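> Can you read through this structure? Questions will come right after.
A short reminder: the numbers here are calculations on the coordinates, not readings from a lab. This structure is a prediction, so every number in the text was calculated from the model and none was measured. Cβ sites come from the backbone with ideal geometry, for glycine too, and all protein chains shown count toward neighbours.
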Amino acid sequence: MPPADAPSPGTNLGPFTLDRLLGQGGFASVWAAHRADGGTAAIKILKPRYAGDGDFELRFRQESQFAANLSHPRIIKIGDIGREGMFVYFAMELYPGSLATRLAQGRIPEPELLAITRDVAEALTFAHEQGVVHRDIKPDNILIGPDGRAVVSDFGIARAVSGYVSATGVNMTIGTPHYLSPEQAQGRPIDGRSDLYSLGITLYKAATGDLPFKSKDWYELARMHVEEPPAPPREAHPELSRKLERIILRLLAKHPDDRPATAQELLTELDAMQDPGRDTRSFKVPDEYQQSVTSTIDAVKAPAKDDKDKKWWKPW
Ligand SMILES: Nc1ncnc2c1ncn2[C@@H]1O[C@H](COP(=O)(O)OP(=O)(O)OP(=O)(O)O)[C@@H](O)[C@H]1O
Ligand SMILES: [Mg+2]
């Protein structure tokens, strides 16, 4: 089916045919898709409103390309971005779920949570060393593979959006303000420690099932991030370990200087807890997903010969 105004099941983009909508964020939708050779991928498609804006498209392409060059086992692999008709998009590995979908099933047991945190901290250590701050760490951007390992998605995307906003004045927020750091909420300069705060909110939510700060009002939420101390996680959940609580509260420090200085430092702290999590994960992924991810990776590693001339597609 040729591309129309809105993507729908059956729409063809490059070698991919869209199957089903996985979800929508502030400026893009993400679809599960397949290739004729049986490989699968997730396709992120800019909403038409932004695809028609040359400035945004350019920033989106530049940042996506930058993210595509971040090669690390705990960072999602993405392909070159392309345009087909109205649709500006890029392909990435398809994952069976995210920390958000996992959280929809309930709180995460501590050993599993520590293992996921470790994976995210490894991704952040690598990216921060390359000078890339994620800016939008939250459960939807932490994808979980069939083996229970986590990878971080959407590196660079938030920078495309914030650069666009400051250059054009167009009001556009990505995702939810619940995970914003105090310095982001105040529009101050940020560094990697902003991601550590957002990871702290993510861990708080995963460990307790609840967010530390809740309000429907953006400004009130921003004020809470800046001023309000979070309730210690063990207050409502005394079964959580003191060490986990200490780690979460340190990540949630209002001033970046009071957080771990780097994601590497967080890794060291996690190691000191003698991470019991790696072999005790309870997250069981259904076989169909197992298959889908495996075939994605196969498709990526061995692109079909007749795809060689499709320049937008870069095997990873
Ligand atoms: N590669 C992928 N495999 C599986 N699901 C994915 C993949 N990439 C994104 N998703 C899911 O698709 C949904 C939409 O993702 P998207 O990145 O557009 O928005 P978001 O992360 O929820 O918010 P925003 O990007 O606006 O801050 C999310 O639920 C996300 O977890
Ligand atoms: Mg996302």
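> Please list the non-local residues whose amide H lies under 5 Å from the amide H of Lys254, H modeled 1.01 Å from N, same-chain partners needing a gap of 5 or more.
none
> Amide H of Ala28: which non-local residues (sequence gap of 5 or more, or other chain) have their own amide H closer than 5 Å, using H built in the peptide plane?
Here the answer is Lys47, since their amide H atoms fall under 5 Å of that of Ala28.
> Another question, if that's okay. Using 1/(1 + (r/R0)^6) with R0 = 41 angstrom and r between the beta carbons of Asp37 and Arg242, what's the FRET efficiency to the nearest 0.05?
The value I calculate is 0.20.
> Provide the descending list of Cα extents for segment 25-177 along its principal axes, expressed in whole angstroms.
Principal-axis extents of segment 25-177 (Cα, largest first): 46, 39, 29 Å.
> Let me ask something else. For each pair in Lys77/Lys138; Lys214/Lys254; Lys77/Lys205; Lys77/Lys214; Lys44/Lys138; Lys47/Lys77, compute the distance between the two Cα atoms and list the pairs where it is over 28 Å. Could you put the intermediate results ahead of the total?
Values: Lys77/Lys138 18 Å; Lys214/Lys254 17 Å; Lys77/Lys205 26 Å; Lys77/Lys214 33 Å; Lys44/Lys138 17 Å; Lys47/Lys77 22 Å.
Cα-Cα > 28 Å for Lys77/Lys214; rest within.
> While we're on this one: Work out from phi, with θ = phi - 60° and the Karplus expression 6.51 cos²θ - 1.76 cosθ + 1.60, the ³J(HN,Hα) of each residue of segment 267-273, listed in order in whole Hz, and give x for Gly and Pro.
Karplus-based 3J(HN,Hα) across segment 267-273 equals 4, 4, 5, 5, 4, 5, 7 Hz.
> So what is the relative contact order of segment 17-92, in percent, for Cα pairs below 8 Å that sit 6 or more residues apart?
The value is 25 percent.
> So what's the gap between the Cα centers of segment 184-211 and segment 41-72, to the nearest angstrom?
24
> Classify segment 107-237 from the C-alpha gyration tensor, please: rounded if a/c falls under 1.5, else prolate or oblate depending on whether a/b exceeds b/c.
Values: a/c = 1.96, a/b = 1.17, b/c = 1.67.
Note, shape of segment 107-237 comes out oblate.
> So how do Ser153, Ser166 line up by other beta-carbon neighbours within 10 Å, fewest first?
Result, fewest neighbours first: Ser166, Ser153.
> Here is a follow-up. Report the far tail of the P(r) of segment 175-277, meaning the percent of Cα-Cα pairs longer than 18 Å.
Values: 2362 of 5253 pairs.
Tail of the P(r) past 18 Å holds 45 percent of the pairs.
> Taking segment 17-92, how much of its Cα-Cα pair set, in percent, is spaced more than 19 angstrom apart?
It works out to 35 percent of all Cα pairs.
> Now, a different point. Each label point is 7 Å from the Cα along the Cα-to-Cβ direction; what then is the distance between the points at Ala272 and Trp218, in nm?
Going by the 7 Å Cα→Cβ label model, 3.9 nm.
> How far is it, in nm, from the label point at Arg83 to the one at Val165 when both lie 7 Å from their Cα along the line to the Cβ?
Between Arg83 and Val165, the label points sit 2.5 nm apart.
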